[in-house]
Amino acid sequence: MMETGNGEAARTAGLLKEKLLQWAPEHGKYPMDIEGLVIKRQHEANRIETCFSKPSVSVIIQGSKRTMLGSEEYCYGENQCLVTGVDMPSSFYVTDASPERPFLALCLDLDKYLITRLAAEVPPPCPAGTCSYKGLSVADVDPDILNAFLRLIALLEKPEQIPILGPLIIREIHYRLLIGPQGEFLRRLNTLGTQSNQIAQAITWLRDNYREPLQVDKLAQKVNMATSTFHRHFKEVTTLSPLQFHKRLRLYEAKRLMLTENKDAAGAGLAVGYESPTQFSREYKRLFGEPPHRDVMRMR
């Protein structure tokens, strides 16, 4: 956690909290007029949700959260951030929230093309190989990043300035992430020629083609890797095998279709590529603990 003695950082966090309470007056998820920026406010703890995370940075301003990405779990709280460098199936729940003291967080989508350009311009902050190969990282948030988010949120009160100043501040946030402790893994994932970038390309292909049957050998060839090497590095980045990742992609999307588009289980399974309703129900129950219909009714 950031030291409480850091007066400037504490003041910035306090101002951010005021702004978030202003722009998110009730429980919910609030997309802002700045593309890719979302404020999240939650009043209840321990309600598990699932999603397919995009590359993003999430900063917690109040409360705490537990996120399960792949086969691993990450706990983080106030003045910490989760940076996700690749698309990942995830489930999460807030562990500290109430109507009196709501969970508050900021989330900004990351632009992988911007990271690639900046990585070519900015020298590496540390020797290569000193950080994890995973596709995500939890760390204390840098006070300068907090300050940049405060300036970004302040633009919401001056919408005429957003088109000019918004991209500049977003670029600054990307730059500060790249030179910070989470920069090395972002650099590897977004630098052509690295094995991490080859895995990131494979993940993008899977995200766009999850309805198709998965042939791991052909996917490995597509990103110019030997199958055994591809398996090993895929699991290093995502904590899942390619087959597990592909299956979760399908099941998370099916769950979304049932919850938001009112599809029945058979229709959702068919829409994400399952030919057998029985197999779909079996694999859905194995992942989520209940058959599709019962799980969706419980969540509603």
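Reported value for segment 18-148: 120 Å³ per residue, from the convex hull of its C-alpha atoms. Suppose the Debye formula is applied to equal point scatterers at every Cα of segment 199-274; what is log10 I(q)/I(0) at q = 0.16 Å⁻¹? Here the Debye-derived log intensity ratios amount to -0.58. Against the empirical 2.2 N^0.38 Å (N residues), segment 130-213 has a Cα radius of gyration ratio of 1.39. Taking Cα centre as origin and charging only the Cβ of basic (Lys, Arg, +1) and acidic (Asp, Glu, -1) residues, the dipole magnitude of the chain rounds to 840 debye. Over the residues of the chain, the helix contribution to mean residue ellipticity at 222 nm works out to -15000 deg cm²/dmol, using -39500 (n - 2.57) for each DSSP H run of at least 4. When the alpha-carbon atoms of the chain are used, the pair Rg, Dmax equals 19.9, 59 angstrom.
Shape analysis of segment 1-84 places it in the oblate category; the axes a ≥ b ≥ c from the Cα gyration tensor give an a/c of at least 1.5, with a/b not above b/c. Solvent-accessible surface of the chain, taken per residue with a 1.4 Å probe and all protein chains present: 49 Å².
Counting protein heavy atoms only, segment 29-169 has 52 percent of its accessible area on carbon and sulfur, 1.4 angstrom probe. With a threshold of 22 Å on the Cα-Cα distance, the over-threshold entries among Lys222/Lys247; Lys29/Lys112; Lys235/Lys263; Lys255/Lys285; Lys17/Lys112; Lys112/Lys255 are Lys29/Lys112; Lys235/Lys263; Lys17/Lys112; Lys112/Lys255. For Lys218, go through the aspartates and glutamates and keep the ones whose alpha-carbon is under 16 Å away, minus same-chain ones fewer than eight residues off. Partners within reach: Asp208. Where the alpha-carbon atoms of segment 147-300 are placed on the principal axes, they occupy 52, 43, 23 Å, in descending order.
The values are calculated or read from the model by the stated rules, or taken from the named source; none is laboratory data. What you see is a predicted model, and the numbers here were worked out from it, not measured in a lab. Don't worry about glycine lacking a Cβ; one is built from the backbone with ideal geometry, like all the others, and counts go over all protein chains shown. In case anyone asks, the SASA skips ligands and DNA or RNA and just uses the protein heavy atoms, side chains included. Shrake-Rupley method; radii C 1.70, N 1.55, O 1.52, S 1.80 Å.
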